[in-house]
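Notes for the one structure printed next.
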Amino acid sequence: MLNSSQIKEIRRFCAGEAEVALVPTMGALHRGHLSLVEAAREAVGAKGKVVVSIFVNPTQFNNTEDYQHYPNTLEADLKLCEEAGVDLVFLPTPEEMYAPKASVSLREHTLSRGLCGATREGHFDGVCTVVAKLFNIVQPQFAVFGRKDFQQLAIVRKMVSDLNFPVEIIGAPTVRESNGLALSSRNLRLSETARKEATLIYASLNLANEKLRSGGIAIAEVYPYFEAQLSNAKTFSNIDYLELIDAENLQPVDDLTGRMILACAVFFENVRLIDHILIDPIANE
Ligand code: AMP
């Protein structure tokens with residue numbers, strides 16, 4: 001396995017390869033990321049090249065503290081990539097990625113307005129810009145993203161379609177601990193207690209879904225129900241959002257038809273965690 005922080009070396013390695021799959025990450029790798037690597041390998045086959053990028057992209061953080069405290073486990077990450085059969089790891093510095101006088105960036109105008117975009121000003125513009133740059137550097141035929149970040153996945157798909165990137169986007173399922181907690185690099189910042197209590201997120205999403213389906217609560221009651229469940233945890237601080245949205249256009253829904261997502265971002269010990277569940281049409285049951 002090779003690794004490089006240099007754009008020109010990455011270009012040299014990838015140029016002329018028939019099948020390249022890219023897995024963009026911010027490092028602190030876990031089994032969730034490795035499942036993306038597996039999907040990438042499946043897409044390109046044994047002869048293709050799997051490229052992982054590890055870059056904590058400053059332009060997608062609107063909170064300096066979150067950026068500065070983002071976990072860094074580079075040595076372990078490289079070992080995991082090697083063991084997973086990755087061919088190349090791209091490890092750019094911010095200086096390598098952003099020229100001091102760079103003045104062109106991307107902006108998404110619709111899907112990024114709500115949910116994580118509502119409180120993370122500029123976040124998805126930073127994501128689009130860095131992903132477009134990575135696509136231009138690596139020129140992959142495939143790129144794999146986790147469905148855990150479903151809004152990011154929807155926006156990347158839209159970017160690829162709107163800007164005609166010749167890349168096939170693969171969405172990979174969310175990998176969870178056996179207790180239901182979605183794996184996330186940010187979990188490393190949680191105390192042991194918070195890590196246990198944060199299992200309430202997924203459990204409460206599922207409970208709220210069951211209540212909704214059985215008619216036990218109305219859509220307007222989902223938020224207080226969810227909040228009451230999480231309030232049982234000492235380390236829970238607040239809800240950023242909890243929304244029932246249409247799975248395609250990510251707009252809030254006011255009746256239970258079509259494919260929906262119940263999505264949340266919540267804070268445990270100042271660490272922002274996101275999760276969601278897919279809700280299949282109740283009307284068709
Ligand atoms: P990150 O390093 O958090 O930016 O994530 C890099 C990629 O891994 C993104 O496409 C995420 O959606 C994906 N990812 C993060 N956590 C998980 C998980 N638990 N299961 C599957 N994919 C994940």
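Every number here is computed from the coordinates shown, using simple stated rules; none is lab data. These figures come from a predicted structure and were not determined experimentally. Cβ placement follows ideal geometry from the backbone for every residue including glycine, while neighbour counts extend to all protein chains displayed.
Laid out as a table, the results:
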| item | result |
| --- | --- |
| Long-range HN-HN contacts of I279 with modeled amide H, under 5 Å | M260, I261, L262 |
| Under Karplus coefficients 6.51, -1.76 and 1.60, residue-wise ³J(HN,Hα) of region 169-178 in Hz, glycine/proline x | 8, 10, x, 10, x, 6, 9, 10, 5, 4 |
| Pairs beyond 24 Å (Cα-Cα), from K49/K79; K79/K196; K8/K101; K49/K133 | K79/K196 |
| Long-range HN-HN contacts of E168 with modeled amide H, under 5 Å | F142, A143 |
| Backbone N within region 141-184 under 20 Å of label point (7 Å from A76 Cα along the Cβ vector) | 175-184 |
| Approximate spin-label separation I239-S214, in nm, with each point projected 7 Å along Cα-to-Cβ | 1.9 |
| Residue-averaged [θ]222 nm for the chain, counting only DSSP H segments that reach four residues, each worth -39500 (n - 2.57) | -10500 deg cm²/dmol |
| Karplus (6.51, -1.76, 1.60) ³J(HN,Hα), θ = phi - 60°, over region 90-106, in Hz, Gly and Pro reported as x | 9, 10, x, 8, x, 5, 5, 7, 10, 5, x, 9, 4, 9, 10, 8, 9 |
| Estimated vicinal HN-Hα couplings, Hz - region 141-149 in sequence order (Karplus 6.51, -1.76, 1.60; Gly, Pro = x) | 7, 10, 9, 10, 10, x, 6, 3, 8 |
